[in-house]
Each structure stands twice: as structure tokens, then as C-alpha cells.
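The values are calculated or read from the model by the stated rules, or taken from the named source; none is laboratory data. None of the values given here were measured: they were computed from a predicted structure. As a convention, Cβ positions derive from the backbone with ideal geometry for all residues, glycine included, and neighbour counts pool all protein chains shown. Only protein heavy atoms, including side chains, enter the accessible area calculation; ligands, DNA and RNA are left aside. Shrake-Rupley method; radii C 1.70, N 1.55, O 1.52, S 1.80 Å.
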Amino acid sequence: MTYSRGPGRGSNYAPIRLEHLLASCAVPTLFPAVMIEGQAYWDGLFSDNPPVEELVRPISVGDDNVPDEIWIIKINPTASHKVPLLPQEISDRRNQLEGNISLFQQLQHVEWINDVYLRGGLREDVFAHHGMKPPIRIPKAFADDPDKPFHIPWIEMPDALQDQLDYEGKLDRSARNIDWLVAEGEASARDFLVRRAKLPPLPAGNSLEELVMMANHAARFFLVQPGSDPVPRVAEHFERFWGPDRRARLVGHLAAGGAGLDEPVREAAVLLANADRAGRPAS
């Protein structure tokens, strides 16, 4: 983060140098800004902490490095078990909140992308064009959020350990403190791996029930729109916004009886099947 312009973004292809690492550690209240190519940089705490969205973009990580899931080591607690009263307690809690704000916002953005994909809101080739591979497995921002198939656990300290730490403890570089934190971190990592291993794999695609629901919802939108016969418009929607695999599943389900499909969806699926055989658009 530049001290004068706020969130900064350098070249995505520039090699990481020592100066970048030092800037990432330059907490504004503790260390001076680090000069890089004429700009002064601080730690990016206030803008990207950590830069989750950058991890799912090929332009940032490379075409072959977009992850299937993101493991996050969470060092700041989401909630406080007591009301901070002393100035140092208030400062510590403010530091925790500032660190979590951008993290939660970015996680919720990736979660929204996952939801759009799983609901059939965009074609698979749109995501492929941008090099993205949703759904990407991520932790959920808040413990009481609904569970979703792409959620995985955090790597985080237990509450009992969090209660023993304060702002000064983050600055303690003694061997005793470091060894203690390393041991606790290793224990948290082992706990994460056990819980992660118990999660089922992501489904290969939408279930048949979800496919039927999405198709019927799409058709009902066109039924209430003014104009002529909605069936060709429903077929056009499937052709434009559903990938070939999803369209093939819809046509195959119709051939197997089409249980649960509304009549406009059935007629639109017939148009899709006829168009595929004729090698022309359905609308």
C-alpha cells in the first residue's frame, strides 16, 4: 500500500525482491515506509490482508497456478470475548478488526462467484476465458453463516490461546515466545488437516434437482416478460448462458422423462435437441 495513494498495484510480472518483503512487514506505527521505484510502501493491512482475490486470478499467479482451494492462517479473532476498556486493549481490538475487514470482504466476493457459478448464472466458458476454476474451496467468513459444499476450515488459534495474546505479544521476539507460538501453530495445522480430510469432495456438477430448479427459474422469468412466445427466448438463454455439458444434461433428462421440468423448459429443451442435430442455433 502506498502511503500517499492508498492501495497500490505494481507490475503483475515483476519479480519479488527484498524490498517488497520489507514493505509487506512495514507496519505503519512501527516501521518507516519502504521506497520502491520512487514510491513509499507500507504493509497492505488496510487494503489486502491477505490478497485472496489475487490468488484466483491467472494474471497474478500464472495460468497454471490458479488454486482449487485456499488455505488461510487466521491470526486475528473474529469476535472478542470481553469488552476492551484500556487504551492498549482498544488499540489491539482495532488492529484485529482492521485486519479482518478486507479478508472477510474478499472471501465473501469469492463466495459470491462460487454461488453464481453453482446456480448457473454464467457459462463455464466465461470463467474459463478468465482462467478461473470455480467453485474454489474457501473458509466461510463467519461461523454462523450457512454451510456450503465449497467451505473448508480455517487454520486458526484456539480461543484459549487467543485470550492469552495481546498487542505487545505480537512484538515479542524472544525465543521462548516464538517457540511457544510455533508449537501452537503446528498443533492448529494438524487439527486443520484432520478436519479437512473428513470433508467430502465437491460434487462434479449441479445435482439433477438443482439443474431442474435452475431451468424452471430461468423459464419463469421469461413467462412474465411482455412479448411473443417465451419458449424460443428460454432456449436462447440456455444456449447463451449454459455450457454445452449442462445443456446436454438438460436434453438428456428430458429424454429420460423430464421429471420436474415445467412445460416451457421441456419445449425449450426440444428446440435445443433439434438445433444440435441440425447444427444450428436453437433460437
Original post:
How much length is gained on full extension from ARG266 to ASP163, taking 0.36 nm per residue of separation minus their Cα-Cα distance?
Top reply: 31.2 nm
**OP:** Take every Cα pair under 8 Å in the chain that's 6+ residues apart, average their separations, divide by the length, and report that relative contact order as a whole percent.
**Re:** 14 percent
Subject >> For the stretch 166-233, the fraction of alpha-carbon pairs in successive 10 Å shells from zero, as % >> reply: 15, 19, 15, 13, 13, 15, 9, 2
Original post:
For the chain, what is the accessible area per residue in Å², given a 1.4 Å probe and the full set of protein chains?
Top reply: 61 Å²
Original post:
By how many degrees, 0 to 90 and rounded to 10, does the Cα axis of helix 208-223 deviate from the longest principal axis of the chain?
Top reply: 70 degrees
**OP:** Starting from the Cα gyration tensor of the stretch 215-283, take the square roots of the eigenvalues, sort them a ≥ b ≥ c, and report rounded, prolate or oblate (rounded when a/c is under 1.5, otherwise prolate if a/b is larger than b/c, else oblate).
**Re:** oblate
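Could you work out the relative contact order of the stretch 234-281? I mean the mean sequence separation of Cα pairs under 8 Å and 6+ apart, divided by the number of residues, in percent.
Normalised by residue count, the contact order of the stretch 234-281 is 45 percent.
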Original post:
What angle, in degrees between 0 and 90 and rounded to the nearest 10, separates the Cα long axis of helix 263-278 from the longest principal axis of the Cα atoms of the chain?
Top reply: 80 degrees
Subject >> Degrees separating the helix 244-255 axis from the principal Cα axis of the chain, which is the longest one >> reply: 40 degrees
Original post:
Based on the alpha carbon coordinates of the chain, what radius of gyration and maximum Cα-Cα distance (Dmax) apply, in Å?
Top reply: 24.8, 76
Subject >> Under 13 Å, Cβ to Cβ, from HIS253 - net charge with Lys/Arg +1 and Asp/Glu -1 >> reply: 0
Subject >> Rounded percent of accessible protein surface that carbon and sulfur make up, the stretch 221-282, 1.4 Å probe >> reply: 57 percent
**OP:** Provide the percentage of antiparallel DSSP beta bridges, counting only those with both residues in the chain; round to the nearest 5.
**Re:** 55 percent
Subject >> In Hz, Karplus ³J(HN,Hα) per residue of the stretch 138-155 (6.51, -1.76, 1.60; θ = phi - 60°; x = Gly, Pro) >> reply: 9, x, 8, 4, 10, 4, 8, 5, x, 6, 10, x, 9, 6, 10, x, 7, 9
